Amino acid sequence: MFLERQSAEKLDYYKRLLNAVGSLSSLFSEAPEPYLASRVTENLFCKVFDADNLSRSDVSADASKDKVGFGIKTFINGNGRTMQKVAEFNSDHLSFSGLNPEDKIKKIATLRNERIETTKRIFALNDLIYHCITRQVGKIIVFESPAPLIDINRITNIKAKGKTISFSDPSAEYSFYISKSTLYKRFITENILLEVPVKIISDPFTAVEKLISEAGLIFSPVKSQPHIFLPLYSTRGGEKKVPEKSGLNQWHAAGRPRDPNEIYIPIPSWIVNDKFKGFFPPRDKDFELTLPDRTTMRAKICQDNSKALMSKHNADLGKWLLRDVMNLQEGELLTYEKLSNIGLDSVVVYKIDNEHYDIDFTKIGSYENFALENGEKAEETPEQEEE
């Protein structure tokens, strides 16, 4: 596992930070166990081990390092055999709500597996593991466990009881909470890698005040990177769909011969020509676009009214998005059902400066929320014309 390959210096630093953060638990909780917020553990892990923080993405990993993805979990240790949430499927509810328990679980397992595989493709990961930070009175315990795909053909012990369905495969036990469309996995505290004694400070405010006065620290508000959300779909005709001959299926358009990877991401006019005018460089001026796995490509804004985000070299964007991420074969149309199964239908683009941008995937509904926050109707996504 990952921690076993780290230096003694790194591990000691990790333990000291876990101890320090845990000692301030009474700032946030009156429980006797140390308190660690999930976002804190993600940031702390990335700081200590120089890992890429993926928590801003709605994917199956919170961090990555050396082609390994990490689901970073923090929870009360309890009896060492607790069920913890590993996935939510609210946006897919209609696809399994009417199924019997066995078919429902197979559908959930299929969706879970697809999300893990998609995460690995997006960030070019070879493996995915759970990094678990559990808490009990007086200490923090760290262990790691695999994050395998659910073996659909070997699912057993399907038991429906009330609002839950429990099941297992050869590697793990699971429970699906029907009312919340949430999948839980049993985590067993074993093969412990670190134990960190923690003494919770009874008056953490005095400690923080002393820290400020001694170090002269000045806290300033965190400013988010300038960003916009873009839909991977259209709502022309009143329903979400990926047009068959434009946008992410531009390669299928009639007319001139096209590369099978030719696509563009549509940009709503209210973004590029109105409320976020100037966010992108002028039309046809190329810039560097960094992908979630930190590789880069040259990209540009194209077409009439600057309505399209494309790669400078016609096929680069489609090769990444259709082949590497969506795992589609050449000639296979991308559908909204495919996006829904994966659990994403939007991208977010971050502006670093006028020549450098980052792109990442976001969960279903992200573009709609972004539009509403900016006073636009959620259904007013771009009307993509066949090119």
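No lab work stands behind these numbers, since they all come straight from the coordinates. Bear in mind the structure is a predicted one, so any value in this text is a computation, not a measurement. Positions of Cβ are generated from backbone atoms using ideal geometry, with glycine treated the same way; all protein chains shown enter the neighbour counts.
Estimated at 0.36 nm per residue, the fully extended path between S38 and T82 surpasses their Cα-Cα distance by 14.2 nm.
If R0 is 22 Å, what FRET efficiency do you get for T156 and M1 from their C-beta distance, rounded to 0.05? Working from the Cβ atoms, E equals 0.25. Of all the options K163, K241, K312, the one that moves most in a Gaussian network model of the chain with Cα springs shorter than 10 angstrom is K163. Considering all different alpha carbon pairs of the chain, the Kirkwood hydrodynamic radius works out to 23.2 Å.
Residue separation of S26 and E102 scaled by 0.36 nm, minus their Cα-Cα distance, works out to 22.9 nm of gained length. Here the Gaussian network model covers the chain, with springs between Cα atoms less than 10 Å apart; of N374, N249, N153, N153 fluctuates the most. With both labels modelled 7 Å from their Cα along Cα-to-Cβ, the Y177 to R298 distance reads 5.1 nm.
Summarising the label geometry, the points placed 7 Å from Cα in the beta-carbon direction at L149 and D127 lie 1.7 nm from one another. Under 10 Å, Cα contacts only: if you run a Gaussian network model on the chain, which one of N90, N191, N314 comes out with the highest mean-square fluctuation? Most flexible of the set in this elastic network: N191.
Site pair L193 and V208 shows an inter-label distance of 3.0 nm when each label is modelled 7 Å from Cα along Cα→Cβ.
If you take all other residues with their beta carbon under 15 Å from the beta carbon of M1, and give Lys and Arg +1 and Asp and Glu -1, the sum is 0.
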